[in-house]
Every structure is written in structure tokens, then in C-alpha cells.
């Protein structure tokens, strides 16, 4: 029942994003946002921006959603999903926009996926601080960000040596996601020969254990076409 409610809220929020009028957003939302360093790696600090739920807080833990921007794994920032985060917060969710390492030099989407997993673990480990339910943490991803969220949900994740906190989202809302990257030339190049693209392709790993997922694609999208959201094994 709680998962079904979270699915409903995410879809309702998506409707608000599409209409830009359905969900009212407080002008004070940006002022309430706080930034945190969720991990530091290679001398680089990676930030998470927390948008607390708007309205009265009854004290009961809320569902949360982490938002991952697009940009082809080489561009973008957490700011790109701030508008959507405000709408999730307006619906009563704790929304968190995430910066992750972009592909440049020796950095590849492999590192970006590692950051994605770290972000989910970080939020769950701070569940009490943010008053969230660690069993109701969704992932929202756009384009390359959709790939990262879907990969975190479908690929086996190594532990981080701290504890057994899950790095997988409990529910996925994906906007024009890059799901089938096994033969994607751009993605293959970004991997720099370090791994097979199929090993990091969510479509190769999705199955019965994949969390509930809502995928939105445009029928004229040529970069991440709708066929990528088709039948899974």
C-alpha cells in the first residue's frame, strides 16, 4: 500500500511537471534548500541538495526521491532538476538533487554509477536526520540520469565496506532514459574500454526483481527513443 502511494505521488508530480500549473510551488522553497557533501572522492566534493517537504510536518517519516540530471554523462548539474525537486517537495516528499562525476579524463559512467549508489546509501544512512522512511526512497532520472537510476536498480552492486545499507531505489521514475546502451557508440566510447557496455545496460539486467518503474518517452525522441522502454527479459 505504501509503495502504491509513492507511485501515485510520483506520477502526480510528473503531471505537475508537464502542466507547470497543477502543483503550486512555494516561493520560499529555494530558501529552505540545504546542500550537503554526500561523498568526497579523488579530492572532489559531490553535493546533494535537500528540498524538505512543504506544508505542515506531522512528524511521520516521509517518502523521498533522489533526482539525477541528464547531459549525456558529460554535462549538467544538480541545478538542472531543481524545478522538479520543488514540485516533489510541494507534494510532501523529501526531494534531493544530486551532483555526480561527469565523464572527463579518466572518469567514465562507471564512476557516475558509483556516485549514484553512494547517494542512495548516504540518504538512507541519514534517514533519521531528514525524517524519511529508508524503505521508500525513489529515483528520478532524466536521460543519462535515467540510465544511472535504472542501473543502480538492476545491476548487482558491490558493498562499500561500511554496512549493508541498500544502494538501490525502491521505485523508478524515468524521463527519456538511456536504458539500452549495450550497442550505443557514445556510451561505448565513454567507457574507454574498461568494461563491456552490456554489463552497464539496464535492459540487459531488468527482470522480475526490478522495482516498480514509470517510464516517459517522447515519440519523436531520437536520442533516447521510446523503443528503449520496451519489453524487458
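Side notes on the structure shown:
- Test: residue 76 is closer than 27 Å to residue 192 by Cα, in contact with a helix residue (DSSP H, G or I) (Cβ under 9 Å, 6 or more places away or on another chain) and part of a loop (DSSP other than H, G, I, E, B): yes
- Every pair of residues 6+ apart whose Cβ atoms lie under 8 Å, when the first sits in the range 95-110 and is without any contact (Cβ under 8 Å) to a residue 24 or more places away in the chain and on the phi < 0 side of the Ramachandran plot while the second is assigned to a loop (DSSP other than H, G, I, E, B) and surrounded by fewer than 22 Cβ atoms within 10 Å (Cβ to Cβ): 107/101
- Of the residues making up the range 161-173, none is under 17 Å from residue 209 (Cα atoms), free of Cβ contacts under 8 Å to residues at least 40 places away in the same chain and crowded, with 19+ Cβ neighbours inside 10 Å.
- Any chance residue 23 is surrounded by 13 or more Cβ atoms within 10 Å (Cβ to Cβ), under 14 Å from residue 139 (Cα atoms) and either in contact with a strand residue (DSSP E or B) (Cβ under 6 Å, 6 or more places away or on another chain) or at pLDDT below 95 (or both): no
- Residue 123 vs. criteria within 20 Å of residue 50 (Cβ to Cβ) and out of contact with any strand residue (DSSP E or B) (no Cβ under 9 Å at 6 or more places or on another chain): no
The values are calculated or read from the model by the stated rules, or taken from the named source; none is laboratory data. Bear in mind that the values here come from a model prediction, so they are computed numbers and not experimental data. Glycine gets a Cβ as well: all are built from the backbone with ideal geometry, and neighbour counts include every protein chain shown.
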